[in-house]
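K.L.:
Following this message is one structure expressed as structure tokens.
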Amino acid sequence: MLITNGALLTFNQNNDVITDGAILIEDNVIAAVGTTAELRAAHPEEEVLDAGGKVVMPGLLCAHTHFYGAFARGMPFSGEAPANFPQILERIWWRLDKALRPEDIRYSAYIFLLDAIKNGCTTIIDHHASPNAIDGSLDVIAEAAQEAGVRCSLCYEVTDRDGKERAIAGIRENERFIKKVQQARRAGKETDRTSLLGATFGLHASLTLSDQTLAKCVETAAPLGTGFHIHVAEDMADVEQALKISGRRVVERLAQAGILGAKTIAAHCVHINESEMQILKETGTRVVHNPRSNMNNAVGVSPVLEMLGRGIEVGLGNDGFSMNMFQEMKVGYLLPKLAKRDPRVLGVDQILAMAFHHNAATAASHFELPHWPPKSLSPAVSTAKYPFSELSPGAYADIVLLDYDPPTPLHKGNAGGHLIFAIDGSNVVTTIANGKILLKDRQLLTLDEERIAARARQLAPQVWARL
């Protein structure tokens, strides 16, 4: 189809803004970007989606989240409130994940996927845990993601906190699912639905992983050619435990174990020092910042400015908060200013680079892309650096339309200011992922929100009762 009459925020290499712009979609790929007049003249027979002057931008990405936490919304809590991060894990999350059954896992995923579509988030990297329902749990989430039409990379959280048997089961679930996704691609079954799936190897944190389990994970992942997805130094407890059992800080221990690398996500990295930043830079490890979660858990402020200054491409996730990544950008922009007590730190361009360009690079390392750059487009035409997060020929057709009538001029020099200070997920009216319309005029087309919410309301009290 041809999207016309939009104010295009391209997020291409020049961050161009095209007034009265148009986008040609062929299959699941952007084939051309230009003015409405140019593309209507060149493609007069193409089906048209008239943006009606709305802002048009790439779909957003979330580089770290937890679908399984959906039923924590409004969850009653009895007993003494957690006073620190280890207590938050022990009293909330490590009780909730044990209470999950397959149907709970499915509806937890549905809830997050609904939220993502409504907030214009089209690519998600999830980190799953369900110790009493490990085997096949990633298939359950994958089925929900395929039904929704949202691109998802999945993994299972390996940990020693529930004993050796469950740690081995977690390793087995990662291995099985990674092989399943890879085999589907090798077999040439890259349909619109299977191409939405990615897979990586999940680990909880250094805090709950023995040297033996880390070694087993590295041994299992090596022939699969995959990286890892792990929480790193989220709290000082992680650092203290790493020093106690290995004499090394968290990043140093993980590097020694062979966990870090260009396909590995290190989520949080709140309590790291300069030498650890250097290790992350040298290994090309993908760091993901989660500001709302860090604030909520009172674990500290990640040294994002320092990492960016060293050339580490820090991305942005939400760690299980809402899928409104516009909100994550806003908080990520504001938090360093408060922490440093300096309004000059972290410019709009930097937070947008994290949310779009850096997240795009992370996503590209987590999805096998056998058909990218698209064979149908010549190298001269395909200008996208990555297949995600930009409105450029060659990028996947992940596109969001926003009902935003700017009260001041909107152009290349100030588009970021509009995004940070005015635009939010509530402005999203249409969401397109992989060339398929998932939300049109705020109406969901792939998921039945009323049915999902009704069943979730039945399941949630049962989960709470099992805590």
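The values are calculated or read from the model by the stated rules, or taken from the named source; none is laboratory data. No experiment lies behind these values; they were computed from the predicted model shown. With ideal geometry, Cβ positions are generated from the backbone for all residues, glycine too; neighbour counts draw on all protein chains shown. The accessibility values were calculated without ligands, DNA or RNA, using every heavy atom of the protein model including side chains. Shrake-Rupley method; radii C 1.70, N 1.55, O 1.52, S 1.80 Å.
K.L.:
Tell me, in nm to one decimal, what length is gained between LYS412 and GLU103 on full extension, where the rule is 0.36 nm per residue of separation less the Cα-Cα distance?
P.N.:
Here the answer is 106.6 nm.
K.L.:
Can you give the FRET efficiency to the nearest 0.05 for ARG344 and THR19, using r as the Cβ-Cβ distance and R₀ = 30 Å?
P.N.:
The calculated FRET efficiency here is 0.45.
K.L.:
Next up: When the convex hull of the C-alpha atoms of the stretch 68-194 is computed, what volume per residue in Å³ does it have?
P.N.:
Cα convex hull per residue, to the nearest whole number: 113 Å³.
K.L.:
Separate question: Can you tell me how much longer the chain between ARG40 and ASN132 gets when fully stretched, taken as 0.36 nm per residue apart minus their C-alpha distance, in nm with one decimal?
P.N.:
Additional length available on full extension: 27.6 nm.
K.L.:
Could you name the aspartates and glutamates whose alpha carbon sits less than 17 Å from that of LYS330, not counting residues in the same chain fewer than 8 places away?
P.N.:
Once the sequence-local aspartates and glutamates are set aside, what remains near LYS330 is ASP319, ASP342, ASP349, ASP424.
K.L.:
Now, a different point. Could you tell me the calculated FRET efficiency between ASP403 and ALA262, based on Cβ-Cβ distance and R0 = 30 angstrom, to the nearest 0.05?
P.N.:
With R0 = 30 Å, the Cβ-Cβ based efficiency is 0.20.
K.L.:
Let me ask something else about it. Over the chain, what is the relative contact order in percent, taking alpha-carbon pairs closer than 8 angstrom and at least six residues apart?
P.N.:
Relative CO of the chain lands at 21 percent.
K.L.:
I'd like to check one number: the per residue accessible area of the stretch 1-160, probe 1.4 Å, reported in Å² as a whole number.
P.N.:
Dividing the accessible area of the stretch 1-160 by its residue count gives 34 Å².
K.L.:
Share of the chain's accessible area from carbon and sulfur, percent, 1.4 Å?
P.N.:
Taking all protein chains in place, the chain shows 50 percent carbon and sulfur surface.
K.L.:
What FRET efficiency comes out for GLU80 versus LYS337 if R0 is 35 angstrom and r is the Cβ-Cβ distance? Round to the nearest 0.05.
P.N.:
Result of the calculation: an efficiency of 0.55.
K.L.:
How big is the stretch 1-114 along each principal axis, measuring the range of its Cα positions in Å and listing the largest first?
P.N.:
Taking the Cα atoms of the stretch 1-114, the three principal extents are 67, 30, 22 Å.
K.L.:
Additional query: Please list, in order along the stretch 394-400, the HN-Hα scalar couplings obtained from phi with the Karplus expression 6.51 cos²θ - 1.76 cosθ + 1.60 (θ = phi - 60°), rounded to whole Hz, x for Gly and Pro.
P.N.:
Values, residue by residue: x, 7, 4, 7, 10, 9, 10 Hz.
K.L.:
Continuing with the same structure: Give, in nm to one decimal, the length gained when the segment between ASP448 and GLU143 is fully stretched (0.36 nm per residue of separation minus the Cα-Cα distance).
P.N.:
108.3 nm
K.L.:
Taking the stretch 93-168 as the region of interest, what is the percent of Cα-Cα pairs per 10 angstrom bin, listed from the shortest bin to the one with the maximum distance?
P.N.:
Percent of pairs per bin, in order: 19, 50, 25, 5, 0.
K.L.:
Rounded, prolate or oblate: which one fits the stretch 227-379, using the alpha carbon gyration tensor with axes a ≥ b ≥ c (rounded when a/c is under 1.5, else prolate when a/b beats b/c, else oblate)?
P.N.:
In terms of gyration-tensor shape, oblate.
K.L.:
Sorted from largest down, give the three principal axis spans of the alpha carbons of the stretch 281-337, whole angstrom values.
P.N.:
Reported extents, whole Å, longest axis first: 32, 21, 19.
K.L.:
Another question about this same structure. Give me the Debye-computed log₁₀ of I(q)/I(0) at q = 0.12 Å⁻¹ for the chain, equal point scatterers on Cα only, no solvent, two decimals.
P.N.:
Calculated log10 I(q)/I(0) at the listed q: -1.03.
K.L.:
Please compute the modelled spin-label separation between ARG95 and PHE421, points set 7 Å along Cα→Cβ, answer in nm with one decimal.
P.N.:
Between PHE421 and ARG95, the label points sit 4.4 nm apart.
K.L.:
Okay, next question. Considering the convex hull of the alpha carbon atoms of the stretch 1-58, report its projected area averaged over all viewing directions, in nm², one decimal.
P.N.:
3.6 nm²
K.L.:
What is the set of long-range amide H partners of LYS54 at a cut-off below 5 Å, with H atoms built 1.01 Å from backbone N?
P.N.:
Answer set, sorted by chain and number: ALA7.
K.L.:
Within the chain, what percent of beta bridges assigned by DSSP are antiparallel, to the nearest 5?
P.N.:
Looking only at bridges with both residues in the chain, the antiparallel portion is about 45 percent.
K.L.:
Quick one: which residues, 5 or more positions from GLY315 or on another chain, have an amide H under 5 Å from its amide H? H modelled 1.01 Å from N in the peptide plane, none for Pro or chain starts.
P.N.:
The list, which skips near neighbours in sequence, is VAL287, VAL288, HIS289.
K.L.:
Something else now. Take the Cα gyration tensor of the stretch 310-467, multiply each eigenvalue by 5, square-root it, and list the three semi-axes largest first, rounded to whole angstrom.
P.N.:
One finds semi-axes of 28, 25, 19 Å for the stretch 310-467.
K.L.:
Once phi is turned into θ = phi - 60°, what whole-Hz ³J(HN,Hα) does the Karplus curve with 6.51, -1.76 and 1.60 give for every residue of the stretch 402-418, x standing for Gly and Pro?
P.N.:
10, 7, 9, 9, x, x, 10, x, 10, 8, 4, x, 10, 4, x, x, 5
K.L.:
Would you mind checking which residues have amide H under 5 Å from VAL158's amide H? H placed 1.01 Å from N; only 5 or more apart, or other chain.
P.N.:
Close amide H contacts, sequence-distant or interchain: GLY202, LEU203, HIS204.
K.L.:
Looking at the chain, identify the longest residue range that excludes and avoids all trypsin sites (Lys or Arg not before Pro) in DSSP loops having at most 15 other Cβ atoms within 10 Å.
P.N.:
190-309
K.L.:
Over the stretch 257-369, give the accessible area per residue in Å² for a 1.4 Å probe, as an integer.
P.N.:
Spelled out: the 1.4 Å probe surface of the stretch 257-369, per residue, equals 35 Å².
K.L.:
Hand me the chymotrypsin sites (Phe, Trp or Tyr not before Pro) from the stretch 9-104 located in a DSSP loop with no more than 13 other Cβ atoms within 10 Å, in residue order please.
P.N.:
Here the chymotrypsin sites (Phe, Trp or Tyr not before Pro) that fit, given the DSSP loop and packing criteria, are PHE77.
K.L.:
Using square roots of five times the C-alpha gyration tensor eigenvalues, list the equivalent-ellipsoid semi-axes of the stretch 408-467 in whole Å, biggest first.
P.N.:
One finds semi-axes of 35, 18, 9 Å for the stretch 408-467.
K.L.:
Hey, another quick one. Along its principal axes, what span do the Cα atoms of the stretch 194-268 show, with the longest given first and each in whole Å?
P.N.:
43, 23, 18
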